Amino acid sequence: MRSIFLHLHPLKISEQALRFDRTFGLGGMAALLIVLQIITGILLRFYYISSPAEAYNSIVFLKEQVLFGQFVRNIHYWSGVFLLLIAFLHFLRVFFTGAYRNARLVNWLFGLFILLLIVFANFTGYLLPWDQLAYWAITVSTNIIGYLPVFGESLRQALIGGRELNAGTLQNFFTFHTAVLPFLLIALVLYHFWRVRKVGGIMLPEPAEKPEMIPVMPNLVFKEFIVALVLLALVFLFAALFNAPLLDKANPAYSMNPTKAPWYFAGVQELLMHFHPFFAAFIIPLGVIVFLAWIPFLNFKDTPNGHWFISALGKQSSKATAIFSGVVTVAGILFNATIVNFEILLPGIPAMISNGIIPLSMLLLFMAGYYRFYLKRFSLSAAELVQVVFVFIMVAFIVLTITGIFFRGKDMELTLPWLM
Amino acid sequence: MQKKPPRHLPEESGQVPANGITRRDFFGMVWKALGILAALETAGMITTYFFSGKSKKLQTPKQLLEAGPVDSFGMNSVNAFMGGRFYLARQLDGGFIAISLRCTHLGCSISWEESKKRFICPCHSSAFDISGEVLNPPAARALDYYPVIIENGIVKVDISTLKERKTFRKDQLTYVQ
Ligand code: FES
């Protein structure tokens, strides 16, 4: 066991790499959480029954009759939440330290793919309790797929095995969640680690003189151990204090008000309030993913160098953009929700144009204007400009997600969290 | 560990043919091609395996649900049949339509609001009139419906055939002959 663990490490690493603010240990934390998910997931499988008639009851039984049943379920729930958050932070860290170019290109792409798989793993797990929360959240989310052109409806029906959620859906999701995704994730994560080693460890700035190499045991391993313990303590604390949600048993005749998508899709759900589904759920997310995958192929003259935010100027422009994007997104949401609704304003035109092409092109024009302004005003390098666009998109995404989770109440109207 | 002695490889000692491809290269390519073919076949098999059974699995044989005698439904009234997943709506002019519960926006279950004489969806507040026509977006299509058959004064609904429509048209209604 010990030798397997040590095998993932080199014998010696640069002293530089040990500084905590290089990585914050996020990648390692994510890996630990995946292990925790697998252990608790296996434990849950001993009690869970994957049929609409039994699924909900088996969870209630687990909660009420099984020693530590509730606790194991809570750990599984919270480590799932933490995993998604930490994987996302890890992705931000890798971007902002510029660890995605040249030899790391492949790992950037694999990392993106792993992030999507983690989202999918969370999503498929969301349905399994078969309570009102799960049933309607998955109904709404899978219906979005139906808006994809040409193959959308058949893909939706293949995924859920029918026109509406049924026993086949549960079986599909259960198989993805407990067989397909765990295997894929384990394989890909190991490969992800191996590639980091292959390119010589984590991204570091070009040192002035040859850095001192020190043995990983105990220097790095000891640190990792502490981070792992703190993380575990945090997850257990959450599991002890906050129960994983479980509402009434799913009732296909009665929708909840409001019916919300799972929290990590709250950003897309918020977009759906402003754009035609084809744009909100397909064009815009796909555009963002393509942009992220495309970043390392851009031909910068200057390569990001392992410094956070590239340079002092890069840091400044990122900060300014973050504030700007936040303000603009909030303003856009309020503007569209209260003052101008294109679909009602232009009733004669198909919703695809009035609520899709028009607002989207307005948004893109706005972003292009901002980009031009930065290009002219400050002499940012290509890498710093890409960073500005990245920050703009990420902050907008985060603001949308927070709005969707905390500021949408009854009838999906905008409200304040304490009025919900 | 000791190094293994190199295997005896005849073609290496022989001459390289004029086109530059040795026998070993050739077999290497054949193996690669076979490997790719096998991978594609497997992928194709898994895809068809996954998709072919899924959408057909739940197609039910023709199934008629008896709603009741014609006279028991007043004009301009709506009755819920939760078991059949529809609302039986009788229009002002006496025409019947069986409206599916499923909202055409993102699939939540609509409910009938008697005071306002309209269907509303709790999820994103779409609204529909008594014929299923959209009154309020985000839903963009009128509600789906099931064909209604009237035999010997009894209203029956064919719950095995769900019909989609863009807007409401008169010919979607069924009248007593
Ligand atoms: S699902 Fe009915 S309004 Fe969105």
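Some notes on this structure:
- Taking amide H positions as modeled 1.01 Å from N, with prolines and chain starts lacking one, the residues under 5 Å from A:LYS12 and 5 or more places away or on another chain are A:VAL216.
- Debye log10 I(q)/I(0) for the range A:153-201, one point scatterer per Cα, at q = 0.13, 0.22 Å⁻¹: -0.48, -0.75
- Here the Karplus relation 6.51 cos²θ - 1.76 cosθ + 1.60, evaluated at θ = phi - 60°, turns the backbone of the range B:162-170 into coupling constants of 8, 10, 9, 8, 7, 9, 7, 10, 4 Hz, with x for every Gly and Pro.
- Ranked by how many other beta carbons lie within 10 Å on average, peptides A:322-328, A:363-369, A:145-151 from highest: A:322-328, A:145-151, A:363-369
- Counted charge near B:ARG141, where neighbours are those whose Cβ lies closer than 9 Å (Asp, Glu -1; Lys, Arg +1): 0
- Calculated [θ] (222 nm, deg cm²/dmol) that DSSP helices of n ≥ 4 give over the protein assembly as shown, each run adding -39,500 (n - 2.57): -16500 deg cm²/dmol
- HN-Hα J in Hz across the range B:28-33 - Karplus 6.51, -1.76, 1.60, θ = phi - 60°, x for Gly and Pro: x, 5, 4, 4, 4, 4
- Over the range A:4-143: Kirkwood hydrodynamic radius from C-alpha pairwise inverse distances, Å: 17.4
- Listed peptides A:188-195, B:130-137, A:370-377 by packing density, highest first (mean Cβ within 10 Å): B:130-137, A:188-195, A:370-377
- Alpha carbon convex hull of the protein assembly as shown, projected area averaged over orientations, nm²: 38.5
- Comparing mean-square fluctuations of B:ALA38, B:ALA98, B:ALA80 from a GNM of chain B with C-alpha springs under 10 Å, the top value falls on B:ALA38.
- Per-pair calculated FRET efficiency, R0 = 35 Å: A:PHE300 and A:LYS12 via Cβ, rounded to 0.05: 0.65
- Cross-link pairs beyond the 29 Å C-alpha cut-off, checked among B:LYS116/B:LYS170; B:LYS117/B:LYS163; A:LYS315/A:LYS376; A:LYS410/B:LYS163; A:LYS249/B:LYS156: A:LYS410/B:LYS163; A:LYS249/B:LYS156
- Normalised by the number of residues in chain B, the mean separation of alpha-carbon contacts (under 8 Å, six or more apart) gives a relative contact order of 18 percent.
- Take each residue in A:133-144, count the other chain C-beta atoms within 10 Å of its C-beta, and the mean is 3.
- Local electrostatic count, A:LEU400, Cβ distance below 13 Å [Lys/Arg +1, Asp/Glu -1]: 0
- Here the Karplus curve 6.51 cos²θ - 1.76 cosθ + 1.60, taken at θ = phi - 60°, turns the phi angles of the range A:265-275 into couplings of 9, 4, x, 5, 4, 5, 4, 4, 6, 10, 10 Hz, with x standing for Gly and Pro.
- Based on alpha carbons, the Rg and Dmax found for the range B:64-172 are 12.9, 41 Å.
- Choice from A:ILE357, A:ILE393, A:ILE34 with maximal GNM fluctuation in chain A (Cα, 10 Å cutoff): A:ILE357
- For B:VAL155, the amide hydrogen comes within under 5 Å of the amide hydrogens of B:ALA67, B:GLY68, B:VAL70, counting only partners 5 or more places away or on other chains and with H modelled in the peptide plane.
- Amide H contacts of A:GLY25: none lie under 5 Å away among residues 5 or more positions distant or on a separate chain (H built 1.01 Å from N in the peptide plane; Pro and chain starts excluded).
A short reminder: the numbers here are calculations on the coordinates, not readings from a lab. Nothing here was measured: the structure is a model prediction, and the numbers come from that model. No Cβ is skipped: glycine too gets one built from the backbone with ideal geometry, and neighbour counts run over all protein chains shown.
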